[in-house]
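In what follows, a structure is listed as structure tokens, so that the remarks can point back to it.
Each value in this text was obtained by applying a stated rule to the coordinates, not by laboratory testing. A quick note: this is a predicted structure, and the numbers were derived from the prediction, not measured. Cβ coordinates were reconstructed from backbone atoms using ideal geometry, including for glycine residues, and neighbour counts include every protein chain displayed.
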Amino acid sequence: MDMMETFRQTYLEESFEGLDVMEAGLLDLSPGTPDNEKINEIFRAAHSIKGGSGTFGFTEIIDFTHVLETLLDEMRDGRRDVTQEATDTMLQAVDVLRDMMTRLQNHEEIDEARASEVQKDMEAILNGGSVDAGSEPSSPEAQSPEENQTNASTGTGSWVIDLVPEKELLQTGNEPIRIFRELETLGDISVTVDDSALPDVNELNPEDLHLKWQVTLTGEGIDEEDVKEVFEWIDGDGAEVRITAPSITASESTTANAEPATQATQQNVATETAASATPKTEVKKPASAAKPAQAASAPKQDSSIRVDLSKIDQLVNLVGELVITQSMLSQFGEQAEQNEDSDWADKLKEGLTHLERHTRDLQESVMNIRMLPVSFAFNRMPRIVHDVSKKLGKSINLVMEGENTELDKTMLEALTDPLVHIVRNSIDHGVESPEVRLEAGKAETGTVKMAAFHQGGNILIQITDDGAGINADKVRQKAIEKGVIEEDHKMSEEEIIDLIFHPGFSTADVISDVSGRGVGMDVVRRNIRGLGGSVEVKTERGHGSVFTIRLPLTLAILDGQLAKVGSETYVFPLVSIVESIQVDKSLVKGIAGQTELYKLRDSYIPVIRLHQKLGIKDARTDLEEGLLVVVEDGGKRAGIFVDDLLGQQQVVIKSLESNFMKISSIAGATILGDGTVSLILDVTETLASHKGGNLQSNAA
């Protein structure tokens, strides 16, 4: 990636962050009670996006953001009230800008039609009328006395800008030609370049700037503050900028006596002008470049992540420790060869101990770099809640807790869509309408709560609502109607509720664009399981529901228990293991000759024979000759029968699906220390696919 592409990528990343700030701020704005600090925060984010866009000449974004800035500026100055209509329109503007950025990132054409539509809506609000009225220039009566005076003195709203940069300006990353491009968004420009201060060619430093410019800007009603904004990045800090309003006569004289123009190119300004033979050259506004054709297929974008500096420092320190340990081991090896040290074996063991510790610390440090707070996924939810609740006519209070809980970046990216599905369903199916809530003695405003926290070696994310809960009778009836279950099929309430995750299942009476099409919850479970996690739901009629997503901290590293099954070695995730026990046959009982249950203290757990499930021929079959590994997932337990346990080991997870194919009950593979390949058991899928009755029941 070249330097300019690196800057471009940084601009896009910062712009996306700015859009998140704008969206969050707009959602916090209360109509009628403006928060000036919040409006300032939104304005600053919009202005930064506009400034960055000017650097790269993205005129569509500059024009669009300028209108948004104007609307925010009037609210900030108290000249315009904060209304729900304006807030909703600005939220649409954020969506348009996000779409523009995404298309730029994918090297696609910007959707000008959509941008134009929303821009007209903002202009209509600015002009206090319809979209058509928004295109009309404001009347003199509507302008301030200062604006009337400026227009009267200039006739056209023209300005003359003298730009005298310091010679180090180019070294700060600011180039005048890019500033001129942003100035072009306000009106027509002509630029006169003064190169009289250029040194001789043999003394010329291409990184220094020895030019001065005079820019004449002409247009309708151009505000001086807008002109100042263009130069605010360099005014007083890299350049001297003088902005004056010329008289009509002076303006006409300048136009009449203008020298023939030489079209500017996009080469370095200093180099271009140095080759000029005349002391002053007028540069007219260049023709707009043709838009590139849409790429046939967008190239894959490099993924990046912002890392706390302390994590990098820790990583550097650990690498230093590894270098020291490696040097020490090399020295021990040389001494052993020369028989200079009789204690070399003990020192070698000590060095290996250091190496093991440093390697583990380094591994954890590297994994921490991949970790991001779940707020990256949570921050999308306020907008979802705002839009869905407005569409459904419901009042929702969103509460978020534990946003700083960290999760692997890859998992966070895959987690966002499942969270959106669950939150939308909680609002649509869970929380009642204000009228129904009042009749039930509840507050008119419903609550949806999202919380993230650690539990054991997992991250738990819970989405709770205080709605009506899930009607198990209705779920059962729908399941019978759809042929999911037979009418005489006996099921516990927990199993009935779990049917909402069945493909194509929905209890909605009316299909809408929010939900009710039977698409979503099955995808949620499939995606969560694809991350090595699980999702379950608990509900109470009249009080609401709780969806719990359980995820491992990372997809790359696993603390595992090695188990022997026949001639094969399998890895059990250590976090899923409750205990391992020797089997007492007197505690084993069968149900209808199909399912074996084992009495474990106060409850019965099903026995899963792994060799039967995975088709292993040379495994032990007598329960008393092996062990039961008691595992738990989502409150469900089972005993998995294995030949023997071989010890614990931290393993690196390799995907089977991407390298080979998806195998039922297998989460992935790993290479053990002796070079053999071992399969990693997917406990969640193993328990879910077990056909024998309840996975845990109380002893009679």
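Here are a few things to note about the model shown:
- Computed E for residue 345/residue 656 - FRET, C-beta separation, R0 56 angstrom, nearest 0.05: 0.90
- Across region 557-698, the fraction of Cα-Cα pairs farther apart than 19 Å, rounded to a whole number, is 49%.
- Between residue 677 and residue 601, the modelled labels are 4.0 nm apart [label points 7 Å from Cα along Cα→Cβ].
- Rounded, prolate or oblate (a/c below 1.5 giving rounded, otherwise prolate when a/b exceeds b/c) for region 373-552 by Cα gyration tensor: oblate
- Electrostatic dipole magnitude of region 3-136 [Cβ: Lys, Arg +1; Asp, Glu -1; Cα centre; debye, to 20]: 280
- One Cα centroid belongs to region 408-423, the other to region 351-384; the line between them spans 17 Å.
- Within region 557-698, percent of DSSP bridges classed antiparallel, to nearest 5: 90
- Bridge orientation summary for region 373-552: considering DSSP beta bridges with both residues in this region, about 80 percent are antiparallel.
- Cross-link partners for residue 564 among the lysines, with Cα-Cα distance under 16 Å and sequence neighbours closer than 8 places in the same chain left out: 613, 617.
- Between residue 58 and any residue 5 or more places off or on another chain, the built amide H atoms are never under 5 Å apart.
- Taking packing as the residue-averaged number of other Cβ atoms within 10 angstrom, the listed peptides 558-564, 117-123, 398-404 run from highest to lowest as 558-564, 117-123, 398-404.
- For region 610-621, putting each phi into the Karplus relation 6.51 cos²θ - 1.76 cosθ + 1.60 with θ = phi - 60° gives couplings of 5, 5, 6, 5, 9, x, 8, 7, 9, 8, 6, 10 Hz, in residue order, rounded to whole numbers and with x for Gly and Pro.
- The packing ranking, built from the mean of other Cβ atoms within 10 Å per residue, places the peptides 33-41, 480-488, 663-671 in the order 663-671, 33-41, 480-488, highest first.
- Near residue 645: Cβ cut-off under 15 Å, other residues only, Lys/Arg at +1 and Asp/Glu at -1. The net charge is -4.
- For residue 682, the amide hydrogen comes within under 5 Å of the amide hydrogens of 666, 667, counting only partners 5 or more places away or on other chains and with H modelled in the peptide plane.
- With a threshold of 28 Å on the Cα-Cα distance, the over-threshold entries among 120/390; 409/442; 585/636 are 409/442.
- Rounded Å value of the spacing that divides the Cα centres of region 467-481 and region 560-612: 34
- 3J(HN,Hα) couplings calculated from phi for region 421-429 with the Karplus curve 6.51 cos²θ - 1.76 cosθ + 1.60 (θ = phi - 60°) are, in sequence order, 4, 5, 5, 4, 5, 4, 6, 6, 8 Hz; Gly and Pro show x.
- Distant-in-sequence amide contacts of residue 645, defined by a placed amide H-H separation under 5 Å and a gap of 5 or more residues or a different chain, comprise 564.
- Sum of side-chain charges, residue 498 neighbourhood, beta-carbon under 12 Å (Lys, Arg +1; Asp, Glu -1): -1
- Whole-Hz ³J(HN,Hα) from phi, Karplus 6.51 cos²θ - 1.76 cosθ + 1.60, for region 366-383, glycine and proline x: 5, 5, 5, 5, 7, 7, 10, x, 5, 4, 4, 8, 5, 5, 7, 6, x, 5
- Among the trypsin sites (Lys or Arg not before Pro) in region 406-476, none is located in a DSSP loop while being surrounded by at most 15 other Cβ atoms within 10 Å of its own Cβ.
- Cross-link pairs 38/391; 394/449; 391/538 - those with Cα-Cα distance over 21 Å: 38/391; 391/538
- Percentage, to the nearest whole number, of Cα pairs in region 3-136 over 18 Å apart: 51
- Segment residue 111..residue 541, full-extension length gain: 150.1 nm, with 0.36 nm per residue of separation and the alpha-carbon distance subtracted.
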